[in-house]
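Right, one structure below, let's go through it.
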Protein chains: 4
Amino acid sequence: MNKARFEAFSDGVFAFAITLLILSIALPPFRHAPTQAELTHALLALWPNALAYGLSFAVIGIMWQNHHALFRLIARVDRMTVFLNLGLLGMTVFIPFATSTLGSYITMKPATFLYGLTLTGCATMYNAMLAHLVRSHAFSSHVPPASIQQTVVAYRTGWITYAAAMVVALLLPVVSVCLYLIIAAYYLVPRGVDTDLALPAEGAETSHLRAG
Amino acid sequence: MNKARFEAFSDGVFAFAITLLILSIALPPFRHAPTQAELTHALLALWPNALAYGLSFAVIGIMWQNHHALFRLIARVDRMTVFLNLGLLGMTVFIPFATSTLGSYITMKPATFLYGLTLTGCATMYNAMLAHLVRSHAFSSHVPPASIQQTVVAYRTGWITYAAAMVVALLLPVVSVCLYLIIAAYYLVPRGVDTDLALPAEGAETSHLRAG
Amino acid sequence: MNKARFEAFSDGVFAFAITLLILSIALPPFRHAPTQAELTHALLALWPNALAYGLSFAVIGIMWQNHHALFRLIARVDRMTVFLNLGLLGMTVFIPFATSTLGSYITMKPATFLYGLTLTGCATMYNAMLAHLVRSHAFSSHVPPASIQQTVVAYRTGWITYAAAMVVALLLPVVSVCLYLIIAAYYLVPRGVDTDLALPAEGAETSHLRAG
Amino acid sequence: MNKARFEAFSDGVFAFAITLLILSIALPPFRHAPTQAELTHALLALWPNALAYGLSFAVIGIMWQNHHALFRLIARVDRMTVFLNLGLLGMTVFIPFATSTLGSYITMKPATFLYGLTLTGCATMYNAMLAHLVRSHAFSSHVPPASIQQTVVAYRTGWITYAAAMVVALLLPVVSVCLYLIIAAYYLVPRGVDTDLALPAEGAETSHLRAG
């Protein structure tokens, strides 16, 4: 499996899934031509959909970055990796549906649980894929084992966090939505392999710090 | 025809078609704000749609891999190949509609037959394209004839399998769905040209076996 | 403007537009769970949609090939080309809507005329872009003027053909649909610049003829 | 972050968002099979949707060109740039919804204001990203500071223009639509960095002017 085509296909699916999110924001049909006040009201009533849209845009954006950061360190893509990656993409493409459900019923347990279940599913696939990559020695030889170990811990922590938020969704749905937002905000900051290593094209400040 | 652009266009269509599958999972409109039990029930009632989604995700994923595995061995892309490939993509893009129909009416003969018809159509186009590639000597010179022959047999077997499942769909729709699932699970394992050859970037175990 | 990114963006839009065509095939909502006969009937009643889908898939596929064949001969992409290309893509992306309308009302003049109008619009943009490329000497130096002239004639003929079919649509809608099908079938065969030149990777028979 | 994959992902989202615009043009469902006059009337009644489609196609096309023109001059893509770019893409993907709303209610203040708000949001993200790129010295060393300054001014002017049109939308919605159209038409002409520099592959006339 050619790594470039593998990445291009994954990038394509991430880009399409992130764009399809917008379909979860739609005005309800009006029976008659709405007045200005009715249209304003209908647009404002879409705020949970807009919130869910923003949240999932961040989530898929993070997943794309993680995918990128991970495979930059990988030397070999075997059949099993392609298979697990397909599972990961299958969970990712499910996010627009979970987002649409969350946006429509943001205070209801089934919607918040489904959302957590989907993200936990993504995290599960990421952990499974990482475990396989470690097991099959697929990392480039220049990647230090400590960095790999750090990434394994970070991925596992991510899984636990999502799973915990999913459980909370069954009890306190609104709290779980806040947790999803906090987790997304937190993960927009780089961690593990990403920070330690292999960012030769970073901003001037970082280069300065390194040189210092 | 530039092979890189040919592959990029095909990859784009595969990636987009696989993402559009999610549109086949949608909550029915509620006449009034649903209770928690009603929403849970409505989500659980979507299991056939989720099953069809997973199945088709695997099917398109396999087709993408096969496309990739095939064209890695091809040296020349002529007009006829582009034409047959367009037919193949046309059948592939039809899969989201067949999936949506299958997900909504998973126990009904018209739905299961349409699904089988679509997959058989894809297999037909793959066989036609392979036949043309063999006939026009489009394979790279380093590919041994035995591998090509093996691929021809594997593709023909795939066609027969899908066609058989399609016929079963007319008699026992639920059995045919099981067959589709079994075939998809089976094809996720590599075969023919893919296994014998040209995977220079496989996992460590395989390299070891080869060296042994 | 980097030619590679220009082509990649165009390819992406072609690939997405061709995939979006499938949304023009959709089962109508049933008021109650349909019987097997009703579902079969509803599926068979979608034949005009399937026909329109196949037609437009061929049309966009041809346009993508033409785009590819044209820009392979182009050395420079200036701002005006990007602008005209955007207009061309805007017409192309309109095809899914025209297809959906044609599929739903295949015997009605407004639908067949809209379809012809859309294709004539695409052909207009192609001719405008080609005229600009000729005027601004954007062709590679190795392309013989006779080939360019031949392409200009072929594009103009294409425009006249589509415009004629569009006019027919106002009088005999069913005849115009037949014309659209015939034109698409005809254009799947290469012409002009495409045949004469620059296909270094064609099948063995052609190479043989050339060598002979 | 690899610049090529960063650009490819952005291009994918731009191309996909521009294609999704077509979903904002849809025939309303008919209760019975429409007569020819009714279908014609329904199609003609879609002119605001078609206008909004054309407008947004131009807007996203311009944004894609700006993105391209900007990152051609950038040597480094750091995490913050990826983050701000994600925000920009998130605003861009919102355009299809704003377009759909504008097309359906083109004379109503909430619709025209939402459209202006979305474009102003895009311009805000562009300005924030540019400010970060300037601050972190991410430009290639060959780009003269005067060109960068000119781009900063051009981006700021763009923001002011969109924000002004957005404010007008609250008072005179139809005027604001005219403004959106005028702004889009104006921006299709290159400015700032784009014109001054780094277009080695422009048309023959320009090269001649430069040589003269």
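The values are calculated or read from the model by the stated rules, or taken from the named source; none is laboratory data. Just so it is clear, the model here is predicted, and its values are computed rather than measured. Neighbour counts run over all protein chains shown; Cβ positions are idealised from the backbone, glycine included.
Candidates in the stretch D:37-83 are the residues that are out of contact with any Gly (no Cβ under 6 Å at 6 or more places or on another chain) and part of a loop (DSSP other than H, G, I, E, B); of these, the one that is surrounded by the fewest Cβ atoms within 10 Å (Cβ to Cβ) is D:Ala45.
Of everything listed in (1) more than 19 Å from the chain's Cα centre (by Cα); (2) over 30 Å from A:Ala8 (Cα atoms); (3) at the interface with chain A (Cβ under 10 Å from one of its Cβ atoms), the single unmet condition for D:Ala75 is (2).
The residues on offer are A:Gly61, A:Gly90, and the sole one that is out of contact with any strand residue (DSSP E or B) (no Cβ under 7 Å at 6 or more places or on another chain), within 18 Å of D:Ser10 (Cβ to Cβ) and at the interface with another protein chain (Cβ under 7 Å from one of its Cβ atoms) is A:Gly61. Of all positions in the stretch A:132-143, at least one carries a residue that is charged (D, E, K, R), at pLDDT below 95 and on the phi < 0 side of the Ramachandran plot.
From D:Ala52, D:Ala42, D:Ala15, which residue is more than 10 Å from chain A (Cβ to nearest Cβ), under 21 Å from C:Thr118 (Cβ atoms) and in contact with a helix residue (DSSP H, G or I) (Cβ under 7 Å, 6 or more places away or on another chain)? Reasoning before the result, please.
On the way: D:Ala42 fails: in contact with a helix residue (DSSP H, G or I) (Cβ under 7 Å, 6 or more places away or on another chain); D:Ala15 fails: more than 10 Å from chain A (Cβ to nearest Cβ).
Step by step, each of D:Ala52, D:Ala42, D:Ala15 is checked, and only D:Ala52 is more than 10 Å from chain A (Cβ to nearest Cβ), under 21 Å from C:Thr118 (Cβ atoms) and in contact with a helix residue (DSSP H, G or I) (Cβ under 7 Å, 6 or more places away or on another chain).
Here D:Val143 passes the criteria (1) of a type in the set (A, V, I, L, M); (2) part of a helix (DSSP H, G or I); (3) touching a residue at least 40 places away in the same chain (Cβ under 8 Å); (4) surrounded by fewer than 19 Cβ atoms within 10 Å (Cβ to Cβ) except the one numbered (2). If you go through the stretch C:23-36 and pick out every residue that is part of a helix (DSSP H, G or I) and more than 9 Å from chain B (Cβ to nearest Cβ), you end up with 1. Suppose the filter is among the aliphatic types (A, V, I, L, M) and closer than 19 Å to B:Phe94 by Cα; does C:Ala15 pass it? Yes. Can you pull out every residue in the stretch A:64-89 that is free of Cβ contacts under 8 Å to residues at least 60 places away in the same chain and aliphatic (A, V, I, L, M)? Passing the criteria: A:Met80, A:Leu84, A:Leu86, A:Leu88. Scanning the stretch B:101-121 for residues that are touching a residue at least 60 places away in the same chain (Cβ under 8 Å), crowded, with 23+ Cβ neighbours inside 10 Å and either at the interface with another protein chain (Cβ under 8 Å from one of its Cβ atoms) or not in a helix (DSSP H, G or I) (or both) yields one hit, B:Ala111. When the stretch B:1-36 is filtered for residues that are of a type in the set (Ser, Thr, Tyr) and exposed (fewer than 13 other Cβ atoms within 10 Å of the Cβ), only B:Thr35 remains.
Considered as a group, the residues in the stretch B:1-55 that are hydroxyl-bearing (Ser, Thr, Tyr) and more than 19 Å from C:Phe57 (Cβ to Cβ) include one that is farthest from the chain's Cα centre (by Cα), and that residue is B:Thr35.
For B:Ala8, state whether it is facing another protein chain (nearest Cβ under 8 Å), under 30 Å from B:Ala138 (Cα atoms) and in contact (Cβ under 8 Å) with a residue 40 or more places away in the chain. Working first, answer last.
Working: facing another protein chain (nearest Cβ under 8 Å): yes; under 30 Å from B:Ala138 (Cα atoms): yes; in contact (Cβ under 8 Å) with a residue 40 or more places away in the chain: no.
No.
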